[in-house]
Amino acid sequence: MLLSPALAISAVLFVLGVAGVLFRRNAIVIFMCVELMLNAVNLTFVALAQSLGLGGQVFVFFVMAVAAAEAAVGLAIILAVYRHKQSVSLQNMNLLKDG
Amino acid sequence: MTGTSIDFVWLAPALALVGFVLNGALALIRPTAKTLVSIIGAGVLLVAFAVSVVVFTGYLGIHAEEPLVFRYWSWIPVGTLQVDVAVQVDQLSLVMLLVVTGVGSLIHLFSIGYMKEDPGYARYFAYLNLFVFFMLALVLGASFPVMFVGWEGVGLCSYLLIGFWFTEEANANAGRKAFIMNRIGDFGFMVAMFMIFWSTGSLDFDAVFAHAPTAVAAGGTTITAITLFLFLGCTGKSAQIPLYTWLPDAMAGPTPVSALIHAATMVTAGVYLVARCNLLFAMAPVASAVVAGVGALTALFAATIALKQWDIKRVLAYSTISQLGYMFLAVGTGAYAAGMFHLATHAFFKALLFLGSGSVIFAMHRAYHHTHAHDDAQDMRNMGGLSRYMPWTTALMWIATLAIAGVPPLSGFFSKDEILTAAHARGYAEPAWLAFWGLGLLTALLTAFYMTRLMLYTFHGPNRTGEEAQKHLREAPWSMTGPLVVLGLLTVAGGLINVPELYHGNAWLHHWLEPLTQASAPLLPDVHLTPSTEWLLVGIAVATAVIGIVGAWRLLQPERLVPASQAPAERGFARVLRNKWYIDEIYDALIVRPIVWLSREVLWKQVDQRVIDGAAVNGAARGARALGWANRWLQTGQVGMYVAVFVVGVLLLLWRAMS
């Protein structure tokens, strides 16, 4: 069985995603890192589905559907932000801060 | 249910309530429909009186020894506390029922003439009907809570009617004063109720009186506290020392109201309460002595003030307080029947006196109205010689005066004499009562004196109303004099209900109330006076009355009075009496001002403004703001940092879950 390597890869992918979200500034890169985390989770689902039943595989489809929708909305937002600010760097996005 | 006419006793209060609802609706919709209001207002009372008479005859017919209790519905079912809306028909409540509806009917009839010109006519009758409803609830209620509803209700109506002409601030203030003084007394009533339930496990009269002798020790602290708290309630409602000061001010209301509420019925509720709880009071000799002592002192104290009042209604108000003192002397002595007897006769002659004074004020008012004068229509210094214009009123008020002074064979003589005899008799067992008897006798002297003074200054001597106004003075219409005549007859004959055995009478009321007082009789000292002693006491009482009347007639000189506007101020002791012993001023300085000061300077400016507003309300807001100010550096607006915090949090949670 390839369960342990699959889970290990998925953990590595997830941590990479998190690190990307934490440390990168570019919104598009952060966005791609989020996709990376989603797909890491997908890999875990598929790997575990082998022993725990088909539910995990079905769930992957849901995640993919949601990720597609999220990609559409997220890219649209980034586009809107770029038009507004001429930049996709998150450092310039601090409207929530007081004053 | 008994299957007799007694079953319809609920009709009496229900009729009054219907009268209130209809008149109240008319007051809101068509206040000008005075004829309809009169028919409803006085009609329901007359029918209620007829119902009372029928119930009374029905009760006579069944020869019941036990009180009849009619339970209608459950009111407060809480665990072991079960209070029903229930009505109790027995000897005592029937006496009160007849007095309230009978005298009430006459006063309603009188009001039709007296209040005819008043714009608030419908409102007046609505309140008056509501009062009768609550008064009947008070006297018919079969448990302390039901009685308390009536007790509070009559207080409410009293407040509404004292402040009936509320556009004048003094009248509204008088209403408030009455309400607050009564509240103090009601506190006592409520504490007494709690203690009764706590010690006997019930609030129904029959259960309480059945359990009381076994549940609490006679003469113990509990029963003494219960009865003293009950008596505190009585001092508020029945205007006794120390809570009497509201009653003279209550004269701000219309005169028929003074007659009905502040003389004949409501203020006697305290006497009724003590008579109803006679077993409890007999079990607490100390409390009984307090009741008798306060009664005797109040009687004398109020009588001294009445000596120097010029307002005709105020004289009668102090006289009422004084006579209520007599009733408390009686019930404190254990002469419960005598107290109820005086309550009934007092209702007759004092209602007559008040309505008579109402006629006088009505005439004075009309005379001043015609001449556009603004003199005081209630000040006796503006009256004088009215017997020439108002012969009927004069004659009837003289009858009432002789009755209240205790001249035989009028009703007041029998009832007052019985109280004094009872006090004297108890004096052989407990000497304190000899002092109470002395106070009572002195009061009788003063009563005769101030009542003769009132008659002398009002109806005799030269007239001081003024040349022009004099021509307009005349007797009130028959709709007003008629009820006076009926009350006059009752004043003359009222004593017949309880002619003592000394005069070979049958002491009917005494025997009638015996089923209710027999339980307390063994607890009281048994002293019997010899007939010769009794005759001596009667002689002393009559002599006192005669000395008072003749003394006033000889000493006072109405010719030397001048109208109020020119009268000089009193000097010396007369001034102290004129100013009511400065009791209002003393209360003001000792109680009202400190409370106002405490409320303003401490409770308002410190507790409310600083502690509640400052520390609690604004302090909480200020604290939240400071917390936010301290933590604002956390909000950088950098999403990356928020995510980092989020990740750290998740890792911490994971670590907690793993380990």
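Against the longest principal axis of chain B, how steep is helix B:411-429, in degrees 0 to 90 to the nearest 10, with axes from Cα atoms?
Here the helix axis deviates by roughly 70 degrees.
Determine ³J(HN,Hα), in whole Hz, for all residues of the stretch B:198-206 in sequence, where each value follows from phi through the Karplus function 6.51 cos²θ - 1.76 cosθ + 1.60 and θ = phi - 60°; x replaces Gly and Pro.
Result, rounded to whole Hz: 5, 9, 10, x, 8, 10, 6, 4, 4.
What does the helix-only formula give at 222 nm for chain A: each DSSP H stretch with n ≥ 4 adding -39500 (n - 2.57), the total divided by the residues, and the result rounded to the nearest 500 deg cm²/dmol?
Taking each H run of at least 4 residues, the total per residue is -28000 deg cm²/dmol.
Roughly how far apart, in whole Å, are the Cα centres of the stretch B:291-311 and the stretch A:1-67?
Taking the Cα centre of each part, the stretch B:291-311 and the stretch A:1-67 sit 99 Å apart.
In whole percent, what relative contact order does the stretch B:53-109 give with Cα contacts below 8 Å and a gap of six or more residues?
27 percent
Name the residue, out of A:61, A:31, A:14, whose mean-square fluctuation peaks in a Gaussian network model built on chain A with Cα pairs under 10 Å.
A:61
Please give the helix B:478-493 orientation as an angle from the longest Cα principal axis of chain B, in degrees from 0 to 90, rounded to the nearest 10.
The answer is roughly 70 degrees.
Angle between the Cα long axis of helix B:432-459 and the longest principal axis of chain B, 0 to 90 degrees, nearest 10?
So the helix axis and the longest Cα principal axis differ by about 70 degrees.
Around residue B:143, which amide H atoms from residues at least 5 apart in sequence, or from another chain, sit under 5 Å from its own amide H, with H modelled in the peptide plane?
Residues meeting the amide H criterion: B:205.
When the helix-only estimate is applied to chain B (DSSP H runs of n ≥ 4, each -39,500 (n - 2.57), divided by the residue count), what is the mean residue ellipticity at 222 nm, nearest 500 deg cm²/dmol?
Helices in chain B give a 222 nm mean residue ellipticity of -22000 deg cm²/dmol.
Students often forget the sequence filter, so: which lysines lie under 18 Å Cα-Cα from residue B:471 once same-chain residues fewer than 8 apart are removed?
none
Any of B:116/B:350; B:177/B:308; B:116/B:580; B:237/B:313; B:34/B:313; B:116/B:416 with alpha carbons more than 31 Å apart? Name them for me.
B:116/B:580; B:116/B:416
For the stretch B:183-195, in order, what is each residue's ³J(HN,Hα) by Karplus, 6.51 cos²θ - 1.76 cosθ + 1.60 with θ = phi - 60°, in whole Hz (x at glycine and Pro)?
4, 4, x, 5, 4, x, 4, 5, 4, 4, 4, 4, 5
Apply 1/(1 + (r/R0)^6) to the Cβ-Cβ distance of residue B:642 and residue A:26, taking R0 = 25 Å, and write down the FRET efficiency to the nearest 0.05.
0.90
Would you order B:535, B:437, B:392 from fewest to most other beta-carbon atoms within 10 Å of each residue's own beta-carbon?
Listing B:535, B:437, B:392 from fewest to most nearby Cβ atoms yields B:535, B:392, B:437.
Return the tail of the calculated pair distribution for chain A, meaning the percent of Cα-Cα pairs more than 19 Å apart.
Cα-Cα pairs of chain A separated by over 19 Å account for 53 percent.
Rounded to whole Hz and in sequence order, give me ³J(HN,Hα) for the stretch B:600-608 from the Karplus expression 6.51 cos²θ - 1.76 cosθ + 1.60, θ = phi - 60°, writing x for Gly and Pro.
6, 7, 9, 5, 7, 6, 9, 5, 6
Taken together, the values in this text are just the output of simple stated rules run on the coordinates, not laboratory data. Note that this is a predicted model, so its numbers are computed, not measured. FYI the Cβ positions are ideal-geometry reconstructions off the backbone, even for glycines, and counts take in every protein chain you see.
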